[in-house]
Every structure is written in C-alpha cells, then in structure tokens.
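Engineer: Take this structure, written in structure tokens, and hold onto it; I'll ask about it next.
The values are calculated or read from the model by the stated rules, or taken from the named source; none is laboratory data. Everything numeric in this text was worked out from a predicted model, so none of it was measured. Please note: Cβ atoms are built from the backbone with ideal geometry, for glycine as well, and neighbour counts cover all protein chains shown. Heavy atoms of the whole protein, side chains included, go into the accessibility calculation; ligands, DNA and RNA do not. Shrake-Rupley method; radii C 1.70, N 1.55, O 1.52, S 1.80 Å.
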Amino acid sequence: MLSRDKIEDLIDLQKKIYIAYSGGPDSTALIHIFADLMSSNKLNVEAIHVNHNLSKDSKKWEKHCNEVCSSLGINLITKSVKVYSNGGGLESEARNKRYKVFETVLSKDSQLLMGHHLDDVSETIVLRLLRGTGADGLEGPPSKRPIGDGVLIRPLLEVSKKEILKYLKNNNIKYIKDDSNSDNTFDRNLLRNKIFPLIESRWPSFSERIFQTSQIMKDRNYSYKSLLETEYKKLIGSNISIRSLKEIP
C-alpha cells in the first residue's frame, strides 16, 4: 500500500516522528505501517490522540487508541479539548483545536504524520471549487508543510480509501467507526456519501484524475512563481519602481 521507497522519500526516519491517531481507518493504517517499520528499524515514534469530546463515545475511542498503542509498543500522548462553534462551523473549529494541539506538542525538526489520502484530495479540491478557489487552491493539500516547530507530512495522499480499507481487512486490523460520518449536514460527508459515489458510478477512479490535475497545477504554480522571481525580483529592493510594476501584466 505504501512502499518503503515512498516513506523514505517523504520522511526522515532518523528524526522524531509523531502520528496523528484518531483511531479511524486512515490513521490506524498509518500507525500499523510504522509499527511494522519499528520491528526492523530503530525509530523514535509517538502517537497523538486529540479527544474533541463531541461524541458520547469519545472516552471509548480514547481508550481504544490507548490499547492499540500499548499493544504496538508506541507511546500515546492524549489531549482533551472543548470545541465550540464560533460561526465557522463545528468541523472547522474542531480542526483548528486539533492543529493547535499538534503545534504545542511538536519539537524542533520533528515530523507529524497524518492519514489524509487520495479521496481527501478530491474532497478538498471540489469543496474549494464550490467556494470559488484560485489556482493555488487547485493544488490540493500539500504532502509537506511547516507546522509549529516541525513539519506536517501526509504520506498517504496517493493511496485511495479503498486500498486503506483493503489493507486493514487483509491484516484483520480493527478501527473506530464514527457514526457522525453518516451525517450529511457536513459538507465533506455529503460529498463522500452521496455525490462522489454517483460520480464514481459514471467515471470510475475519478479521484485519481483529480489528483493528477492537482499535481499539474502544483507544477504550473511553481513554474510561474519561479519565473516571476527570476524576471521581476530586481524591481523590488531598497527602492520600488511603481511605474515598472504597473507595466507588468
């Protein structure tokens, strides 16, 4: 599902690794992959579980994550937060709280791994299109970006949800099923549960093609930024030529 070569391309196995572990299928697959790696490599790996306290089962999920990490020999850091909707939506606020926790835990040069996958890329790009995104938004979520004092890495971005579920089934690995994922009042759930299955029935593997488009946009945006820097950097210095800037298309 995720090759050793791909892991080593993205992740420095000599540095501290944290895994964002919710107990759901994506992070469960990720933590088991690294538990296997730890059996033959000396890795410094810990997991982080953020309890949002939004479900009646929150404590049960936290207990499950503790038990799994204990069985795998991985230390689990648990953090409890309270989430309130402040106009931006509950889903968005929960995400903000989660990322703030990650920022407080991460040390210098440490790496935070998250289980975002191919289908998440499609969801993100379609949602951005519906909200009126620009060229940068069509890149989708980056495989790497800074977070706090460390770096956030998404090693599963080229892996489909179907592949993740197959990996878990083949290895008889249990994971948490969140009932809120069936609540279509959330935008992502509506896409995931209603719209994407309809598109998939007509255009199979459409998520892979959306991912290809995101990579084309990423290359295009990089090329444009490089070109602009090469051609026009001289216009910005201790003095700025307003007239020259106005002549740029």
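Engineer: So His52 ticks every box in (1) in contact with a helix residue (DSSP H, G or I) (Cβ under 6 Å, 6 or more places away or on another chain); (2) open to solvent by 60 Å² or more (accessible area, probe 1.4 Å); (3) not charged (D, E, K, R) but one. Which box is left unticked?
Structural biologist: Unmet condition: (2).
Engineer: Among the numbered criteria (1) free of Cβ contacts under 8 Å to residues at least 40 places away in the same chain; (2) crowded, with 16+ Cβ neighbours inside 10 Å, which one does Ala20 miss?
Structural biologist: Only one criterion in (1) free of Cβ contacts under 8 Å to residues at least 40 places away in the same chain; (2) crowded, with 16+ Cβ neighbours inside 10 Å is unmet by Ala20, namely (1).
Engineer: Name the residue, out of Asp36, Asp12, that is free of Cβ contacts under 8 Å to residues at least 40 places away in the same chain, of a type outside the set (Lys, Arg) and open to solvent by 50 Å² or more (accessible area, probe 1.4 Å).
Structural biologist: Asp36
Engineer: Still on this model: Could you look through the range 138-165, keep only residues that are farther than 14 Å from Leu30 by Cβ and assigned to a helix (DSSP H, G or I), and pick out the one that is most open to solvent (accessible area, probe 1.4 Å)?
Structural biologist: In this case the residue turns out to be Lys162.
Engineer: Taking helices (runs of 4 or more DSSP H) that fall entirely within the range 1-113, which contain at least 2 residues that are among the basic types (Lys, Arg)?
Structural biologist: Correct list: 4-10, 58-72, 90-105.
Engineer: Among the residues of the range 200-229, how many are more than 23 Å from Pro142 (Cβ to Cβ) and of a type in the set (Ser, Thr, Tyr)?
Structural biologist: Summing the residues that are more than 23 Å from Pro142 (Cβ to Cβ) and of a type in the set (Ser, Thr, Tyr) in the range 200-229 gives 1.
Engineer: Also, I was wondering about something else. Any residue at all in the range 85-107 that's closer than 20 Å to Ser55 by Cα and among the acidic types (Asp, Glu)?
Structural biologist: So far as the range 85-107 goes, yes, one or more of its residues are closer than 20 Å to Ser55 by Cα and among the acidic types (Asp, Glu).
Engineer: Tell me the helices (runs of 4 or more DSSP H) entirely within the range 193-248 that contain at least 2 residues that are open to solvent by 50 Å² or more (accessible area, probe 1.4 Å) and in contact (Cβ under 8 Å) with a residue 24 or more places away in the chain.
Structural biologist: 206-232
Engineer: A further question on this structure: Looking at the range 215-244 only, could you name the residues that are at pLDDT below 85, in contact with a helix residue (DSSP H, G or I) (Cβ under 7 Å, 6 or more places away or on another chain) and among the aliphatic types (A, V, I, L, M)?
Structural biologist: Leu235, the sole residue that qualifies.
Engineer: Would you confirm, using the coordinates I've provided, whether Lys169 is part of a helix (DSSP H, G or I), more than 18 Å from the chain's Cα centre (by Cα), closer than 30 Å to Ser55 by Cβ and not small (Gly, Ala, Ser)?
Structural biologist: Yes.
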